[in-house]
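S.K.: Just passing along the structure, written as structure tokens.
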Amino acid sequence: MRFLRFGLLILTSCVLAAPLVEVAQAPQAEPYSFLRNQLAFSPADLLTLESGKTIIRLPKTPESREVAAFAIMRLDVPGDFFLEKVRDIVSFKKSEHVLQIGKFSSPPRLEDLAGLSVDQVDVDAIKACRVKACDVKMPAEFIERFRKEIDWSAVNYRDKVTELVRETLLDHVQRYLKSGNAALGKYDDKSYSLTLAEELRPLLKPASYMYGYVPEFQKYLEDFPQGRPENAAIVENFLYWSKEDFGLKTVTSVTHVTIFRRSHGHGSDVIVSSKGIYGSHYFDSSLGLTAFIQSREATPARSYLIYVNRSRTDALRGFFGGWKRSLIGGRVRDGARKSMETIKQRLESEYGN
């Protein structure tokens, strides 16, 4: 599922004290109350969920360029096991579509990007790049660096382009870690400029289908690296880069992952965000969340994987935006189902072993 690779999934584990029919009737039982009230799940939907099948929804969005996806299924693994897999992001994201991936050190180093290569089609696009006319998403500053610092007549110009791509990505990450969203700058590849902080801001606002997105975590994502939640038992951050196959083009991206964990009277909540801070193609901004919610109130335990993605894409601009949305919607639905089933099979198998 391509949207899953950028990011937004929510893992919810809760403990149910009664069979499904009784739980479905209990107004406070979660995630059932949320599913009924926010996504109009019927009793039949809940029965389908408990049977082990995946349910997909494509929520409506206020912005024509935004695409949202929601999926839920049961996932029978413990929360600590899931978090262990998330922390090992290189292995967790392993798939036929993830061509290259690496996790940044703390602090980030240029060596962290040693495994990243640049496809010839992107090298050619960068060679032709001009401010306001470029087929790779970049700020004007980086576009000018490629024009001035690369000797395009040299035999090894492709190697030099790859080296400079790595350097600019590291620079981008270092600025972000120091100053947060405001340091993400602009994309100046099109006739219009996009300020990344402004593109992210609406995605960081709560939506009805974003289960477990608590205000203090939202504020931290908006104010990072400031505003660290005081009441959280654990707050972890790491960044990773990846190159992934999106059909016509591969996308090189950088993602900031935050793990937020807090305890409460009924158990503990874990929320994991995946904030896209750079993407070379297609995506203007993206956000993902993962929440693992565990109750100590009753048994047997049930775990649920809820996947949500909010992304803004330049593909939905223009006269044919509505037509493209209908095509993208079908692909998102099919891809979400396939990816959820793959994750379920892999994680439950690994935990069983």
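S.K.: Only one of (1) under 23 Å from LEU99 (Cα atoms); (2) at pLDDT below 95 fails for PHE238. Which number is that?
M.R.: (2) is the only condition that PHE238 fails.
S.K.: So which residues in the range 42-64 are buried (at least 19 other Cβ atoms within 10 Å of the Cβ) and in contact with a Lys or Arg (Cβ under 6 Å, 6 or more places away or on another chain)?
M.R.: Of everything in the range 42-64, just one residue is buried (at least 19 other Cβ atoms within 10 Å of the Cβ) and in contact with a Lys or Arg (Cβ under 6 Å, 6 or more places away or on another chain), namely THR54.
S.K.: While we're on this one: Sort out which residues of the range 207-263 are assigned to a strand (DSSP E or B), open to solvent by less than 40 Å² (accessible area, probe 1.4 Å) and either more than 22 Å from ARG87 (Cα to Cα) or among the hydrophobic types (A, V, I, L, M, F, W, C) (or both), and write them in order of number.
M.R.: VAL235, PHE238, LEU239, TRP241, THR250, VAL251, VAL254, VAL257, ILE259, PHE260
S.K.: Of all residues in the range 47-86, how many are within 21 Å of ASN309 (Cβ to Cβ) and without any contact (Cβ under 8 Å) to a residue 60 or more places away in the chain?
M.R.: Selection size over the range 47-86: 3.
S.K.: Conditions: (1) touching a Gly at 6+ places or on another chain (Cβ under 8 Å); (2) under 18 Å from TYR240 (Cβ atoms); (3) open to solvent by less than 20 Å² (accessible area, probe 1.4 Å); (4) not small (Gly, Ala, Ser). VAL67 meets all but one. Number of the miss?
M.R.: In the conditions (1) touching a Gly at 6+ places or on another chain (Cβ under 8 Å); (2) under 18 Å from TYR240 (Cβ atoms); (3) open to solvent by less than 20 Å² (accessible area, probe 1.4 Å); (4) not small (Gly, Ala, Ser), VAL67 misses (2) alone.
S.K.: A further question follows. Conditions first: (1) touching a residue at least 12 places away in the same chain (Cβ under 8 Å); (2) in a helix (DSSP H, G or I). LYS160 passes all but one, so which condition is the exception?
M.R.: With respect to (1) touching a residue at least 12 places away in the same chain (Cβ under 8 Å); (2) in a helix (DSSP H, G or I), LYS160 is out only on (1).
S.K.: Further question: Quick check on the range 82-121: of everything there that is open to solvent by less than 30 Å² (accessible area, probe 1.4 Å) and not in a loop (DSSP other than H, G, I, E, B), which residue is farthest from GLU167 (Cα to Cα)? Full working, then the answer.
M.R.: To start, the set of residues in the range 82-121 that are open to solvent by less than 30 Å² (accessible area, probe 1.4 Å) comprises 82-83, 86, 89, 93, 98, 102, 104, 108, 112-113, 116, 118.
Applying the additional criterion that residues be not in a loop (DSSP other than H, G, I, E, B) yields 82-83, 86, 89, 98, 102, 112-113.
Details: PHE82: 33, LEU83: 31, VAL86: 26, ILE89: 22, VAL98: 22, GLY102: 15, ASP112: 11, LEU113: 9 Å.
So the residue we want is PHE82.
S.K.: Which residues, counting only those in the range 149-162, are of a type in the set (A, V, I, L, M) and open to solvent by less than 50 Å² (accessible area, probe 1.4 Å)? I'd like the intermediate steps shown before the answer.
M.R.: First, pick out the residues of the range 149-162 that are of a type in the set (A, V, I, L, M): 150, 154-155, 161.
Within the range 149-162, ILE150, ALA154, VAL161 meet the criteria.
S.K.: Mind checking which residues of the range 275-302 are at pLDDT below 85 and surrounded by fewer than 22 Cβ atoms within 10 Å (Cβ to Cβ)? Step through it out loud before you land on a result.
M.R.: Here is the first cut: in the range 275-302, the ones at pLDDT below 85 are 289-302.
Result: GLN294, SER295, ARG296, GLU297, ALA298, THR299, PRO300, ALA301, ARG302.
S.K.: Also, quick follow-up: Name every residue in the range 163-180 that is open to solvent by 70 Å² or more (accessible area, probe 1.4 Å), free of Cβ contacts under 8 Å to residues at least 40 places away in the same chain and either β-branched (Val, Ile, Thr) or under 16 Å from ALA197 (Cα atoms) (or both), in order of residue number. Steps first, answer last, please.
M.R.: Here is the first cut: in the range 163-180, the ones open to solvent by 70 Å² or more (accessible area, probe 1.4 Å) are 163, 167, 174-175, 178.
Filter once more, keeping what is free of Cβ contacts under 8 Å to residues at least 40 places away in the same chain: 163, 175.
The answer is ARG175, and nothing else.
The values are calculated or read from the model by the stated rules, or taken from the named source; none is laboratory data. Quick caveat: nothing in here was measured; it's all calculated off a predicted structure. Here the Cβ is made from the backbone with ideal geometry for all residues, glycine too, and neighbour counts use every protein chain on show. Quick note on the areas: whole protein, heavy atoms, side chains included, nothing else; ligands and nucleic acids left out. Shrake-Rupley method; radii C 1.70, N 1.55, O 1.52, S 1.80 Å.
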